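Here is the structure we will look at.
The values are calculated or read from the model by the stated rules, or taken from the named source; none is laboratory data. Everything quoted here is computed from the prediction, not taken from an experiment. All Cβ positions, even for glycine, are placed from backbone atoms using ideal geometry, and neighbour counts span all protein chains on display. Accessible surface areas use protein heavy atoms only, side chains included; no ligands, DNA or RNA. Shrake-Rupley method; radii C 1.70, N 1.55, O 1.52, S 1.80 Å.
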Amino acid sequence: MFELYGHPFSSFTWKPLIALHERRVEFRFRNVDPGHPDNSARLAEMAPIGQFPVLVHGECEICESNVIIEYLDLHAPGDPPMVPPDPTDALEARMMAEIFDDYVNEVMQKVVNDALAPEAERSVRAVVQAKGQLLRSYGWLEKKLAGREWGSGGDFGIADCAAAPALFYADWVEAIPDSCPGLQAYRARLLARPSVVHVVDEARPYRRYFPLGAPDRD
Ligand SMILES: N[C@@H](CCC(=O)N[C@@H](CS)C(=O)NCC(=O)O)C(=O)O
């Protein structure tokens, strides 16, 4: 039995959740919300700085969302795999996953974390810079995704598991502009995918956690 430690509202937790739902893999979700201190204590032992998600499978404790998705390809294989078998295609898929993580998801989180910080520790400059970086990433992605249905140019996979939460929340922080219609359409395609609908719905009860005010759409 797989056990996934994470939070239903956490963007990085959505990534392996989407992979698990895509495969219809049976697993136990270990919610680290404050109401479940035992899960949080276990997570703190397993993750280097207490971040989630972490997957537990027998004796194995796997950190890092992309590695968890690759682990699932090995231990709960589905067709097609989340990482394409061709080595060159695999590099493209891993690269796109990291780009969504590092240049969309992490940047979006800077703005969210600033809003969560005490007034005296907030930085208008850092927020303006992060929003500018999001717009720059959107422009880059608009060109990169031209002609692609899914993020890496092949089947739905690891890049899309990363893109769905990254674009879902980033659009709340800094809307994808009308100058990026391809990226807007890709986000809509992701949000229509049943595995993504599942994680969005399970996160709905936690929307009050979003410090900038979750919009009524989506
Ligand atoms: N590189 C990690 C990033 C994980 C991450 O940033 N997780 C966030 C939740 S979305 C977290 O644990 N935040 C709580 C904290 O930093 O204490 C991954 O891909 O799994």
Practice task
Give the shape of the range 99-190 as rounded, prolate or oblate, defined through the alpha-carbon gyration tensor: a ≥ b ≥ c are the square roots of its eigenvalues, a/c under 1.5 means rounded, and otherwise the shape is prolate if a/b is larger than b/c and oblate if not.
Solution key: prolate
Exercise for the section: Compute the separation of the alpha-carbon centres of the range 39-96 and the range 104-121 and state it in Å as a whole number. Expected result: 26 Å
Handout entry: Order of exposure, largest accessible area first, which applies to 75, 7 with probe 1.4 Å
Key = 75, 7
Handout entry: Max mean-square fluctuation residue, GNM over the chain, Cα-Cα springs under 10 Å, options 89, 102, 79
Key = 79
Problem - Percentage relative contact order, the chain, counting C-alpha pairs under 8 Å, at least six apart - result: 23 percent
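Kindly report the accessible area of the range 177-218 per residue (heavy atoms of protein chains, probe 1.4 Å, no ligands, DNA or RNA), in Å².
I get 56 Å² per residue for the range 177-218.
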Handout entry: Sites excluded, trypsin sites (Lys or Arg not before Pro) in DSSP loops with at most 14 other C-beta within 10 Å, longest stretch of the chain
Key = 25-121
Practice task
Considering only DSSP beta bridges where both residues belong to the chain, give the percentage that are antiparallel (nearest 5).
Solution key: 60 percent
Fill in the blank from the handout: A correct Karplus calculation of ³J(HN,Hα) over the range 79-89, with 6.51 cos²θ - 1.76 cosθ + 1.60, θ = phi - 60°, whole Hz and x for Gly and Pro, returns 10, x, x, 5, 10, x, x, 5, x, 6, 5
Practice task
Express the accessible area of the range 1-53 per residue in Å², computed with a 1.4 Å probe while the remaining protein chains stay in the model.
Solution key: 48 Å²
Problem - Cα centre as origin, Lys/Arg/Asp/Glu Cβ charges: the chain dipole, Debye - result: 660 debye
Handout entry: Neighbour-limited loop hits for GluC sites (Glu not before Pro), the range 117-218 (at most 16 other Cβ within 10 Å; DSSP other than H, G, I, E, B)
Key = 149
Exercise for the section: Of the options 133, 76, 162, report the single residue whose Cα projects farthest towards the positive end of the charge dipole of the range 62-218 (beta-carbon charges: Lys, Arg +1; Asp, Glu -1). Expected result: 133
Handout entry: Max mean-square fluctuation residue, GNM over the chain, Cα-Cα springs under 10 Å, options 54, 107, 197
Key = 197
Handout entry: Rounded percent of accessible protein surface that carbon and sulfur make up, the chain, 1.4 Å probe
Key = 52 percent
Practice task
Go ahead and estimate [θ] at 222 nm for the chain from helices alone: -39,500 (n - 2.57) per DSSP H run with n ≥ 4, summed, over the residue count, rounded to 500.
Solution key: -17000 deg cm²/dmol
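By average Cβ neighbour count within 10 Å, what is the ranking of 16-22, 61-67 from highest down?
Per-residue mean Cβ counts within 10 Å order the peptides as 16-22, 61-67.
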Practice task
Hey, can you find the accessible area per residue of the range 57-160 for me, probe 1.4 Å, expressed in square angstrom?
Solution key: 57 Å²
